[in-house]
Each structure stands twice: as structure tokens, then as C-alpha cells.
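> Here it is, the structure, as C-alpha cells.
Values in this text are rule-based calculations from the coordinates and carry no lab data. Everything numeric in this text was worked out from a predicted model, so none of it was measured. Here the Cβ positions follow ideal geometry from the backbone for every residue, glycine too, while neighbour counts run over all protein chains shown.
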């Protein structure tokens, strides 16, 4: 997801959601989100909540790596 501030500054938000429980497992906002950021966030969520049987992404540019 992406948006911009009142001043015109753009930012992106990465949210990890458990589709079964609708629980937000992680949320991360920054001006840009790199593939390494995604790897760190998903890894931390897996350590805290366990490994999922499936992952689904929106195939944004962060997921190409």
C-alpha cells in the first residue's frame, strides 16, 4: 500500500495479515521498502507467530527479489 503526506511526501506500508484470523502480524511504514526489509519483517513474524503453510503476496516490486 502507498500514500502521501499533506506535504506531498510519499510513503509505503507493508502489512502482514493472517487471512484466517484477520490478525495483523506486522506493519511497517517507510519512504521506500526494500526486499531486505521484507525479508527481515517476514522472518521476525515467523519467529514470533510460527511458520505459515502458505504465503501470498501482491507481487509488488519488493517481492521480485
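> Of all residues in the range 7-65, which are over 13 Å from the mean Cα position of the chain (by Cα), surrounded by 10 or more Cβ atoms within 10 Å (Cβ to Cβ) and in a loop (DSSP other than H, G, I, E, B)?
Correct list: 23, 52.
> How many residues does the range 2-20 contain that are free of Cβ contacts under 8 Å to residues at least 12 places away in the same chain and closer than 19 Å to residue 58 by Cα?
Looking only at that region, the number is 4.
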